[in-house]
Amino acid sequence: MRPPLSKELWYGDDVEMAKSLNFHQWNGTARSLFYEPEPFYTPVEELNTTKNGGISLARGWKVKSINVSEKKVKLNDGKEISYNKCLIATGSNPKTLKLYDDAREEIKDKFSVFRSIKDFEDLWEEMNNVKSIAIIGGGFLGSELAASLANKGKKNGVKIYQIFKEKGNMGKVLPNYLSQWTTEKVKNEGVEVITETEVQNCTLENNGKQVNLILNTGKNIVVDHVIMAVGAVPNTELATDAGLEIDSKLDGYLVNSELQARTDLYIAGDCACFYDSQFGRRRIEHHDHAVFSGRLAGENMAGAAKPYHHQPMFWSDIGPLVGYEAVGIIDSSLNTVGVFAKGNPKDTTPLANETHQNIPTSNEDLEVQLKSNGEALTENGYNKGVVFYLKNDVVVGIVLWNLFNRMSIARQVLKSDRCYRDLNEVAKLFNIHSD
Ligand code: NAD
Ligand code: NAD
């Protein structure tokens, strides 16, 4: 599992624990990242002679090229490995801004991206040395990280700004009212959120100690450090040499429903653009898809010939206060209908009792209110509910907002692939009241 670099890792007080990438889930239980412990793996040099075979991790090499017809990969040190079957799961890399690409080295030093463990370690250090950080981007990474850093920043005296184009946090996936509500939560965590804004240029300030971000609104912000959280690009650098096709719209290696690019060559995870028989061509940048597609490709490499039939979920948490899980096509440009629990929002901390791994919750007495696109905030807020995303009146996506253990119901609703006359009735399947 990738460590929750933008979430739980920032909430422990134990520096050593964070450094070793051990972490506590929101519900307090300790979690291990490792799929298998080190002794499970066979040392590389013993693999060919081990009686019953095994799995080796060849760490420290990079694949430079693949020769698909000869079934060989070339490594950065010139070594060649031949294969019977090969899986490419090279993931994606963070995007950078043009103003950064064009900047001088002294300015570039003030910027960073955030994706790897090294990036986490560097930022952890940086939080001890700076007084202000600007995060550019309002998607999953920018929003999760802004809340996490602001929480940590309260102790360290670090001010966090978040700047993005959308009207609210995660505005590309959440309906406007929910995105705005989330933005209020992010602000309550101590983040100065600057919406509907782009960074146009930047200069050094205070003898090169700080960077001045010039915004398209005519304003500017001076900070010690800037994090770019402006999306990811699939890592398809092996494609050209290997003669593999890249999807012209969604990017990523083009594969069929069985995740096959060519005979004996499979692609999984962020860098695969696959055919989903229900929703068509897709490329998904989330954990559950990475796990499922890796497993499916593995089964198919062993001869299963199974199509991609799973609807992968994803989750996101804005600190311990807001958490959601989602499945299907989650796109805020679609029509949505939301059904929310009404009444006593208290200052609940839903995730304090929850994980994204199926643990039941406590009881509250709640009523239901219906929300469709564009409705304004109510004083009750949106503590808990279900949002349906519709295409031609058919439910194509579902967000479970601070509601857990209901993913299988959501998948059933998606699978039924039909127009529902009354989504309030469908929402009852989710027993919003029972938690
Ligand atoms: P990934 O980016 O996590 O992994 C890609 C791997 O490929 C890396 O180990 C990289 O070193 C390796 N690689 C790339 N090019 C290579 C080459 N030429 N030679 C050798 N190795 C090479 O991507 P993934 O596994 O497709 O996806 C993981 C998903 O999980 C992503 O969508 C990510 O956003 C998501 N995610 C998960 C969590 C979590 O589980 N806690 C948190 C955030 C995001
Ligand atoms: P994202 O696509 O979710 O959000 C990108 C943000 O950057 C948006 O606000 C967008 O408007 C903005 N943006 C894009 N281009 C821009 C530009 N030129 N100038 C200014 N703003 C620009 O991507 P992310 O939040 O950067 O996340 C990176 C990757 O990590 C994604 O693959 C994401 O799925 C993954 N991730 C997933 C999770 C999760 O599953 N919970 C958590 C963290 C990261």
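Taken together, the values in this text are just the output of simple stated rules run on the coordinates, not laboratory data. Computed from a predicted structure; not experimentally measured. As a convention, Cβ positions derive from the backbone with ideal geometry for all residues, glycine included, and neighbour counts pool all protein chains shown.
Shape of the stretch 6-129 from its Cα gyration tensor (a ≥ b ≥ c, root eigenvalues): rounded if a/c is under 1.5, otherwise prolate when a/b > b/c, or oblate? Oblate, because a/c is 1.5 or more while a/b does not exceed b/c.
Taking every alpha-carbon pair under 8 Å whose residues sit at least 6 apart, the stretch 31-175 reaches a relative contact order of 12 percent.
Structural descriptor for the stretch 17-85: relative contact order 15 percent, calculated from alpha carbon pairs under 8 angstrom and at least 6 residues apart.
If you take the Cα centroid of the stretch 415-434 and the Cα centroid of the stretch 72-95, the two points sit 45 Å apart. Note on Lys79: aspartates and glutamates with a C-alpha under 20 Å away, same-chain residues under 8 apart excluded, are Glu45, Glu46, Glu70, Glu237, Asp241.
Let me know the shape class of the stretch 168-210, please: from the alpha-carbon gyration tensor, a ≥ b ≥ c as square roots of the eigenvalues, rounded when a/c is under 1.5, otherwise prolate if a/b is greater than b/c, or oblate. Because a/c hits 1.5 or more and a/b fails to exceed b/c, the stretch 168-210 counts as oblate.
In terms of distances greater than 18 angstrom between alpha carbons, the cross-link table entries Lys131/Lys219; Lys19/Lys159; Lys159/Lys187; Lys98/Lys249; Lys152/Lys185 yield Lys131/Lys219; Lys19/Lys159; Lys98/Lys249. Rounded if a/c is under 1.5, else prolate if a/b beats b/c, else oblate: with a ≥ b ≥ c from the C-alpha gyration tensor eigenvalues square-rooted, which is the chain? Taking the square roots of the gyration eigenvalues as a ≥ b ≥ c, the chain is oblate. Each peptide in 74-82, 62-70, 250-258 gets a packing score, the mean of other Cβ atoms within 10 Å over its residues, and the list from highest to lowest is 250-258, 62-70, 74-82.
The slack in the chain from Leu204 to Glu299, taken as 0.36 nm per residue of separation less the alpha-carbon distance, amounts to 28.9 nm. Residue separation of Ser333 and Asn84 scaled by 0.36 nm, minus their Cα-Cα distance, works out to 85.3 nm of gained length.
Could you state, as a whole-number percent, how many of the C-alpha pairs of the stretch 181-245 are farther apart than 20 Å? For the stretch 181-245, the share of Cα pairs beyond 20 Å comes to 53 percent. Set against the 2.2 N^0.38 Å expectation for a compact globular protein, the stretch 241-303 has a Cα radius of gyration ratio of 1.02. Only aspartates and glutamates eight or more places from Lys306 in sequence, or on another chain, were considered; those with a Cα closer than 19 Å are Glu258, Asp264, Asp276, Asp288. Per q in 0.18 Å⁻¹, report the Debye log10 I(q)/I(0) for the stretch 160-288, using one uniform scatterer on each alpha carbon and no solvent. Cα-only, vacuum Debye calculation for the stretch 160-288: -0.97.
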